[in-house]
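Working notes, structure below.
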Amino acid sequence: MATNSSFAHLSTSGRVNLGIVRDASRRELSECLRQCPGSKTVVWDEYLFDPLDLVAEFSLLQELEVRKMFPLAPGRLPPHDQQNIIFFTRPKLSLMKWVAENVASEMKKSRTKYDVKFSLFFVPRKSLLCEDKLKELEVFADFEVIGEFNLLLLLFDYDLMSLELELAFRECHLEEDYSSLYYVARSLMILQTIFGTIPKIIYKGNCGKRVANMIVRMRKETSGPDDQTKSQISRLILVDRTVDLITPVLSQLTYEGLIDEHVGLKCTKFPGELLKQRDHGSANPEEDTQSAAIRQTVRLNSGDNLYAEIRDLNFQAVPPILSRQAKKISAAYAERHDAVSVNQIKQFVTKLPSIQAAKKSLANHTTIAEMLKKITDDSAFRDKLQFEQEMIATVDIDKINMYIEELLATGQPITKVLRLICLQSLVSNGLKPKLFEFYCKEILQAYGYEYLPTLINLEKVGLLTTQQPKIFSSIRKALRLLVDDINEQQPTDISFAYSGYAPLSVRLAQYFTEDKQSWKGVEEVLKTIPGEFSEIAQQIPGGLSDKGMEKNDTTLVFFIGGCTYAEIAALRFLSKQEEGNDFIIATTKLLNGTSLLETLIDDMSKAAAKSN
Amino acid sequence: GKIVTMGWSYSEELICILDAGIALVFDLFGTQIDSIHLGQEAKEMKIVDAKLFLHDNVAGIVVLTTNYRFYTISNIQNKACRRCQDPPGLDFTPSSWVVLCIDRSTKIVIAINTDLYLSGVADIVKLQLQGITGQINYNSITLMATSTSYKYISLITDTGHLWIGSTDFRNCYGIFDTNTQTVPLDMIWCGAGAVVLNWGDELQIVGPHPLTVQTLPLIGSACLTADIDGVRIVTTDTHELLHEVPLETEEVFKVGSAASGAMLLDAMKEYEKGSSKADEYVRIIKTNGTLGDAIEQCIKVAGLEYDPLTQRMLLKAASFGKSFMDQYSPQSFVNMSQILRILNNIRHYKIGIPITLKQFEYLTLPVLIDRLILREHYALALHICDYLRIPGDEGKCRILSHWACKKVKQKNTDDKDIAKAIANKLNDVTGISYATIAAEAKSVGRYELAIKLLDFEPRANEQVPLLMKMKKEDIALNKAIESGDSDLIYMAIFHLKGTLQLGEFFRTIHKMPVALKLFEKYCREINDHRLLMDVAKQFDDFQKAGIYVAQSSYKTNNAEDRIDKLNEAARAFSAADRPICKRSTEDQINLLRLQSVMETDLGQPFVEMSLNETAYQLIFLGRLKLADKLKKDFKIPDRRYWWIKIRALAQSRSWDELERFSKSKKSPIGYEPFVDACINSHKNATEACKYIERVPLSKQAKCYIKIGLVYERISVYIHSQ
C-alpha cells in the first residue's frame, strides 16, 4: 500500500520507524471494508473523523469503493443509493440508538426499493454492552458483519503517537473506570509485536503500575512461540499524569504549545479558516462554507520543514527564525535574476515548487505567529504568566491571591480561573482548609452552584485539595525544576518550554534514562511523590539479546492521562541533546490545562438537561 | 439393530452401520462418540447393504435400503444424506455394486445382471464394458472392486471372468478367466498394480500388464484390506502386508544387478571385509558419474525396508558413498534417518502402527501424531515432536492438552491431584488452553477441578465465560477484573446481576470496587437515576447521593420542588460530613428563594444566575439597595463586590453613580478597574480619564495605553522621571 506523500515524513525521520503503525491501521481498515464487497456508504461516528484522517486519505477510501460518507446522526440517513451501509462507531451506548434509527429507516425504505446490507465496526473494539443494546433495539440481527477496527495508536508524527482517548484522565482518576488503561496496554502490545519486546519497563504512578501489570499478563496470554522480532525500543517509561499535574496546568510557552492553548489543534489539524481570514482582510468568517474550511485545513507536523524547526522552540525564539526564513526565500527567488543560461533556468524551475511550498509555509506561520504575538503581548496573558511564575517559584503562598480574586469577580472563563487555583493548590500541596473553602465559595458564587460537582471532582483527582504533605519545594530543589538563567533562543535545559520551569514529568523521564550516579538524593524524593514506582525487566526471547543495543538507545515515554505539546518539545530537546539517545512519545491524549479541566467539569444544570 | 457393515474412518473411528438406518461411531476405546442418521427412508425401510468408503481424507457411507434405493453421505462429518438416482428396473438386490469417488463427487456403479449403471445424486448413466461384451456370454456381474485411488476397477462375472479396467470404463487392461464359477470371498486391489482374489485357501494375485497370475497359499482364513500401496492380509494370528516390490529395491538387491546402488552396497560390504574391491567398485561408480544416484538409491531403498538391520546396512552404504563426494547435501540422508527412526518406533508391536514409508508420507506427520494421541501414546508423540523440533502449538502443546483432557476424565483420581499433575506437566509450555481442558472437566461434571484448572488459564476471555457457565459468577467477576478488560467485567457484572437479588448483587459488587465503579458508570450512561441513588444509599455514599439529588433539582422549573430537592441534598452532605457542600447548598436555597421573589417583584429572570450574576444584574437594573442586601446576606467580600459593582455600573452607563461609588470610600481594589470598566464596556475615554489620577503613578502609563492616549503616556513618563 502506497503511503501518500503528505505522510511521507512519518516513516523517514525516526530511527524506529513508527510509520509501520500507520500502515498496519490502513491495512486493517482496508480489510474491514473488503468484508463488505461492492460500492458502499460509510457512516462515521463524528469523533472518528479526525483520527481517520490520520490513517486514510479519501482516495484510499475511494479505492475501496466508498462512495459516500456521512456523520452518524439520529433519525434517517441522508439520501444515497448504495446497498452496502457500513457503520464505524466507538462502543458507546448513546451512539447505538442512532445506529438503530438509521438502520430502521433504511429497512423501511428497502422493502420497496432494494435490499440493503448493513455492517458495523466498533472502533477500537467490540463491546458487549453495545451489542446487547442493539439486540434490545431489535436491529442486531440486521447486521451482516459486526466486527472491530482495532484503531488504537494514531501516528501524529514520526516520534509521536496518541490514542486520542480524551476522557482517559477523567475515567481513570475520577470514575475509576480503567478501560483506557486496557487500551494503553493493548497498544503497547501492538508496538511490541512490531518493534520487539521492550526489555525494561519503568513506571511511576498507580496507573503506570496497572498498565505494566497488564502488559506482563497479556504477554503470558499470547500463546504460541515467542516473538522473534529484535527489540528496537530499549525502555518504556510509563508516566501517570497524576504524578505531575503542575505541568499541564501551567501555560505552555513553545510555539506549538501556544497554538494548542489559544487556537486548539485537533489531531495535528490547524483550523485553516483562521489563516484565510487574514488573507482576505475583512472577510466574514460566517460566509466561509464548510467545504472551503476543510480545503483550508492545515496539518501541522514535521512534513512542514519550517514548522519542524520552530514548533518546539520557546515562542520568544520564533520571530527571528521567521525573518531569517523570509530572507532565505527571497534570496532563493532572487536567483532567477542570476539565471542566464538555459541550464540555470532549468535548475531554478526544478527548485521552484519547493520554494513555493516554503513560501506558503512561511506565510502561514507568520500569520499564526502574529496572532500569538498579539495574545502574548496582551496584559491579560502577561499577568497570568507572572502569576504562574510566582506560584512556581515562591515558597509559601497559602493566601488569597488578588489576581485570582479579580478573575473570579470579572467573570473570566471558569477553566482559566480553575487552572490557576489548581496551580496554587498543587504547588502548595493543598490549600489551608480556610483558603480552600474561600475559593470553593468564590467559584460557586461567581459561576453558580451547578459547579459543585466540579469542585468535588477536582478534589478527587488531586488538582484542588486541602493540606497534603508538603513535598513540592523539595522536589523542585532535588530535580532542579526551577532554572534561573534560561536562554530561550539557545536552550541548555528542558526548562525552556515553560520559560524557567522544567516539567517534572520530563525531568523524571530524563532521570530514568540517564546515568543515575549524577542524580543525588533523587531516589528519596521520588519516593515522596505519590504513586507507585518500580522497574520491570521483560525476558527477551533467546538469541535476541541486546547485542548492539547500547548505541541505539530508544526510550518510549507513555503519558497515561495525556501530555502537553510543551512536554513533547522538552523530550524532543533531550533527543537532540545526545546522539543515539532517542525518545518516542505516546499518550492517551494531547491536551492542555484547559482541555484537561474541561473533561473534569460537571455542570449540574447541563447534566440534568441531558438526562431529560 | 443388526450390523450391516463396519469399518474405519480416516481419523480411526469405528463406524458400524446398522440395518435400522443409523451408523454408530466409536473411538478406539469403544466409547460411542457420535451417531449418524442415514435418512428417513433408510430408517423406515431398513438397510440391506451398506458400504463405507474413504476419499480425500474423509469417510463416506452409501446404503441400500430394502426398497432398493441408494443413499449417500459423502462426508460423515457434515452428515448430509442424499439420494442417488435409481437405475431402471431395480426391484431386487443388484448383483453387485461399488462406490466410486471421482472429482470429489460420490458415484455408485450398480450391476443389475449384465447391465452396469453409474448413478450419482444428479444423474445416472448406463455403462458399456469394453472388450467383454459379445465375447463372453455372462449373465451377471457378481463382484466389483476399485483401487484405493478410484482410478481402476475390476469385476468378476458369473462365468468366472475377471475384467480389469479404468473407472471411466473406456479402457480394458485385461480379462482373466479364473476357470471357476464360484465367486471369490473377496476381491481387493493391491495398490494400483494388481487385483487380489481371496479364494479362502489361497490368494490369487492377478496383474494385468502383462497378464500375470500368482497364487499364494493361505493358512487358515484371512481377511483382506486395501491400503494405498498394498493389501493387508490379516489371519487369526498373523498380519502381513502384500505389496509390489519397488523397482529400486529390486535393482539394489537383485543378484548380479549392475545398478549403481547395488554396486555401492557391494562396495561397502567389501570395505567392511577390508577388501580392496571396495575401492574398485567405488571407482567404477565414480567413473560412471552415478555416485549421487547410488547414494539416493540406497537411502530410498532403506526407507522401503522393514528390518532395521537392512535399513542400517543401506544407510551405511549411503553414508560410505557420501564420503567420496565433495559436495553432497546431507538433507535427504538426515530426513530418511529421522523418518526411519520414527517408523521403526511406531511399528513396534506395543504401538502397533505398522505402516510403510509411502503410507506415512500419505498420512503426514501431524496425522500420525494425532493417531498416537488417540492411542494415548503421549510420551512417544512428545518424543517425536521433540526429536523433529516441531513448534509448540502443533506439537508439544497439542499433545499435552490432549493428555490433560484425558487426565481430567480419570474417575478415581482426586481433583487436587489431577490439577497438580496437569499444572506440573504443563507449567513451562506456552500456549496451552487451560480453558479447553477445564471445559472437558466440566463436561464430565468435575466443576471443582475445572475451576482449579481455570486458575492457570492466562486468557481471561476464555476463563470468564466458562466460570459463568459453571455458576461461579463471583470468581468470574474477579478474574475479569484482574484482566482489566472492561467488556469482560461488564459481561460478568450483568451475569451476576441476572442471577442475584438486587440487594445480594449490591453486597457482592461492593467488595469489588472496580466492578462497582463500572456499574455506576453504566447507570450514569443509561441515565438510571434511581439505580444510582440505590447504589449510593446502599453504600452510605452520602456525598454522591447529595450530588445526585442536587442534580435532579435542575430537572424541575418549580422553585419549591427545587428547594425541596436541595434541602434533601443538604441533609445528605451533612451526613457525608462535607460542611462546604452543605453550606453552599444552603446558600443556593437562599439564593433561589430570593431570586424567585425578585422575579415576581421585578419581572426579570433571575433563577439560573449565579450570585455574582444576580448582584451584577441588580446593579445593572439600578436596584442598588437590593444588591447591597445581597452582599450582606451572602457575605460577598468587599473586593469582589467592588469589582462587580464597577463593571455593572459602567455597563449600564451609570457614570454618575460610578463616580459617586468611587468616592464613597477608598477602593479596596484601586482605581485601575474603574479605568478598565469604562474602556471595556463602552470605550468611554472621558469617563476613564476621571479615574486615572487616582491610579498609582507607576501604573498610569499602562492605563493611558489602554485608553489609547499615547501622548499623555509620554508626558506621564517624563513626569515620573
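The values are calculated or read from the model by the stated rules, or taken from the named source; none is laboratory data. The model shown is predicted, which means the values in this text are computed figures rather than measured ones. Neighbour counts are summed over all protein chains in view; Cβ atoms, including those assigned to glycine, are modelled from backbone coordinates with ideal geometry.
May I ask you to list the residues in region A:578-612 that are polar (S, T, N, Q) and away from chain B (no Cβ under 14 Å)? Steps first, please.
At the first step, the residues of region A:578-612 found to be polar (S, T, N, Q) are A:581, A:587-588, A:592, A:594-595, A:599, A:605, A:611-612.
Those that are polar (S, T, N, Q) and away from chain B (no Cβ under 14 Å): A:Asn581, A:Thr587, A:Thr588, A:Asn592, A:Thr594, A:Ser595, A:Thr599.
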- Query: Going by the structure shown, is B:Ile475 at the interface with chain A (Cβ under 10 Å from one of its Cβ atoms), more than 20 Å from the chain's Cα centre (by Cα) and either within 26 Å of A:Glu176 (Cβ to Cβ) or part of a loop (DSSP other than H, G, I, E, B) (or both)?
  - Reply: no
- Query: When you scan region A:382-419, how many residues do you find that are in contact (Cβ under 8 Å) with a residue 40 or more places away in the chain and assigned to a helix (DSSP H, G or I)?
  - Reply: 11
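Has region B:598-612 got any residue that is polar (S, T, N, Q), away from chain A (no Cβ under 13 Å) and in contact with a Lys or Arg (Cβ under 8 Å, 6 or more places away or on another chain)? If you could, list the steps in order and put the result at the bottom.
To start, the set of residues in region B:598-612 that are polar (S, T, N, Q) comprises B:600, B:604, B:610, B:612.
Still in the list and also away from chain A (no Cβ under 13 Å): B:600, B:604.
Now restrict to residues that are in contact with a Lys or Arg (Cβ under 8 Å, 6 or more places away or on another chain): none.
No, region B:598-612 contains no residue that is polar (S, T, N, Q), away from chain A (no Cβ under 13 Å) and in contact with a Lys or Arg (Cβ under 8 Å, 6 or more places away or on another chain).
Select from region B:497-513 the residues that are farther than 13 Å from B:Gln538 by Cβ and more than 10 Å from every other protein chain (Cβ to nearest Cβ) and list them in ascending order.
The first filter runs over region B:497-513 and keeps only residues farther than 13 Å from B:Gln538 by Cβ, leaving B:497-500, B:512-513.
Of everything in region B:497-513, those that are farther than 13 Å from B:Gln538 by Cβ and more than 10 Å from every other protein chain (Cβ to nearest Cβ) turn out to be B:Lys497, B:Gly498, B:Thr499, B:Leu500, B:Met512.
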- Query: When region A:558-587 is examined, which residues are found to be more than 19 Å from A:Leu250 (Cα to Cα) and in contact with a Leu (Cβ under 8 Å, 6 or more places away or on another chain)?
  - Reply: A:Phe558, A:Asn581, A:Phe583, A:Ile584, A:Ile585, A:Ala586
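Filter the strands (runs of 3 or more DSSP E) completely within region B:67-180 down to those with at least 2 residues that are under 22 Å from B:His55 (Cβ atoms) and in the same structural domain as B:Phe26 (by the TED database).
Numbers: elements: B:70-73, B:81-83, B:96-102, B:105-112, B:115-119, B:124-127, B:141-146, B:152-157, B:161-166, B:172-177.
In region B:67-180, B:70-73, B:81-83, B:96-102, B:105-112, B:115-119, B:124-127, B:141-146, B:152-157, B:161-166 are the strands (runs of 3 or more DSSP E) which contain 2 or more residues that are under 22 Å from B:His55 (Cβ atoms) and in the same structural domain as B:Phe26 (by the TED database).
For the condition within 13 Å of chain A (Cβ to nearest Cβ) and surrounded by 19 or more Cβ atoms within 10 Å (Cβ to Cβ), what is the one hit in B:Leu591, B:Leu649, B:Leu658? Explain how you work it out, then say what you get.
Values: B:Leu649 fails: within 13 Å of chain A (Cβ to nearest Cβ); B:Leu658 fails: within 13 Å of chain A (Cβ to nearest Cβ).
Matching residue, one of B:Leu591, B:Leu649, B:Leu658: B:Leu591.
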- Task: Consider only pairs whose beta carbons are under 7 Å apart and that are at least six residues apart or on different chains; among these, list those whose first residue lies in region A:358-373 and is in contact (Cβ under 8 Å) with a residue 40 or more places away in the chain and whose second residue is basic (Lys, Arg).
- Result: A:Thr367/A:Arg278
- Message: Cβ contacts < 8 Å: first residue farther than 18 Å from B:Ala404 by Cα, restricted to region B:452-469; second residue at pLDDT 85 or above and assigned to a loop (DSSP other than H, G, I, E, B), any location; separation 6+ or different chain. Result?
- Response: B:Ala460/B:Asp485; B:Asn461/B:Asp485
- Query: What helices (runs of 4 or more DSSP H), lying completely within region B:514-582, carry at least 3 residues that are within 30 Å of A:Asp132 (Cβ to Cβ) and more than 8 Å from chain A (Cβ to nearest Cβ)?
  - Reply: B:529-538, B:542-553
- Message: What pairs come out if I take residues in region B:161-187 that are farther than 12 Å from B:Lys151 by Cβ and pair them with residues that are of a type in the set (Ser, Thr, Tyr) and assigned to a loop (DSSP other than H, G, I, E, B) whose C-beta lies under 9 Å away, six or more apart or interchain?
- Response: B:His161/B:Tyr138; B:His161/B:Thr178; B:Leu162/B:Thr178; B:Asp177/B:Thr159; B:Gln181/B:Thr159; B:Pro184/B:Thr178; B:Leu185/B:Ser221
- Output for region B:484-496, where each listed residue is without any contact (Cβ under 8 Å) to a residue 24 or more places away in the chain and facing another protein chain (nearest Cβ under 7 Å): B:Gly484, B:Asp487
- Message: Pairs needed: first member in region A:323-339, in the same structural domain as A:Lys360 (by TED's automatic domain parsing) and without any contact (Cβ under 8 Å) to a residue 40 or more places away in the chain; second member anywhere, loosely packed, with under 14 Cβ neighbours inside 10 Å and hydrophobic (A, V, I, L, M, F, W, C); C-beta distance under 8 Å; at least 6 residues apart or different chains.
- Response: A:Arg336/A:Ile345; A:Ala339/A:Ile345
- Filter pass, B:Ala460 being in contact with an Asp or Glu (Cβ under 8 Å, 6 or more places away or on another chain), within 14 Å of another protein chain (Cβ to nearest Cβ), crowded, with 17+ Cβ neighbours inside 10 Å and farther than 22 Å from A:Thr454 by Cβ: yes
- Message: On the basis of being closer than 28 Å to B:Phe606 by Cα and surrounded by fewer than 18 Cβ atoms within 10 Å (Cβ to Cβ), does A:Glu450 make the cut?
- Response: no
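Per-residue answers, yes or no, for (1) touching a Lys or Arg at 6+ places or on another chain (Cβ under 9 Å); (2) in contact (Cβ under 8 Å) with a residue 24 or more places away in the chain; (3) among the aliphatic types (A, V, I, L, M):
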{"position": "A:Arg26", "(1), (2), (3)": "no, yes, no"}
{"position": "A:Val55", "(1), (2), (3)": "yes, yes, yes"}
{"position": "A:Met69", "(1), (2), (3)": "no, yes, yes"}
{"position": "A:Gln82", "(1), (2), (3)": "yes, yes, no"}
{"position": "A:Lys92", "(1), (2), (3)": "no, yes, no"}
{"position": "A:Ser119", "(1), (2), (3)": "yes, yes, no"}
- Of all residues in region A:385-402 being surrounded by 13 or more Cβ atoms within 10 Å (Cβ to Cβ) and among the acidic types (Asp, Glu), which is farthest from the other protein chains (Cβ to nearest Cβ)? A:Glu388
- Kindly check whether there is at least one residue in region A:68-87 that is closer than 22 Å to A:Lys117 by Cβ, more than 14 Å from every other protein chain (Cβ to nearest Cβ), part of a helix (DSSP H, G or I) and at pLDDT below 90. no
- Query: Of A:Pro503, A:Pro491, which residue is touching a strand residue (DSSP E or B) at 6+ places or on another chain (Cβ under 8 Å) and under 24 Å from A:Phe559 (Cβ atoms)?
  - Reply: A:Pro491
- Task: Tell me which residues, restricted to region B:667-710, are aromatic (Phe, Trp, Tyr) and assigned to a helix (DSSP H, G or I).
- Result: B:Phe674, B:Tyr691, B:Tyr704
- Query: Restricted to region A:353-384, and to residues that are surrounded by 16 or more Cβ atoms within 10 Å (Cβ to Cβ) and under 29 Å from A:Glu437 (Cα atoms), which residue is farthest from the other protein chains (Cβ to nearest Cβ)?
  - Reply: A:Lys384
- Can you name the residue in region A:195-222 that is of a type in the set (D, E, K, R) and in contact (Cβ under 8 Å) with a residue 60 or more places away in the chain and is also farthest from A:Thr513 (Cα to Cα) among such residues? A:Arg219
- Pairs returned, first residue in region B:369-398 that is in contact (Cβ under 8 Å) with a residue 60 or more places away in the chain, second residue that is assigned to a helix (DSSP H, G or I), beta-carbon separation under 8 angstrom, 6 or more apart or interchain, are B:Arg371/B:Leu363
- Task: For A:Trp44, work out the one condition from (1) exposed (fewer than 15 other Cβ atoms within 10 Å of the Cβ); (2) away from every other protein chain (no Cβ under 14 Å) it doesn't fulfil.
- Result: (1)
- Note on the structure: Selection from region B:2-12 of residues free of Cβ contacts under 8 Å to residues at least 24 places away in the same chain and either outside any strand (DSSP E or B) or in contact with a Pro (Cβ under 7 Å, 6 or more places away or on another chain) (or both) yields B:Lys2
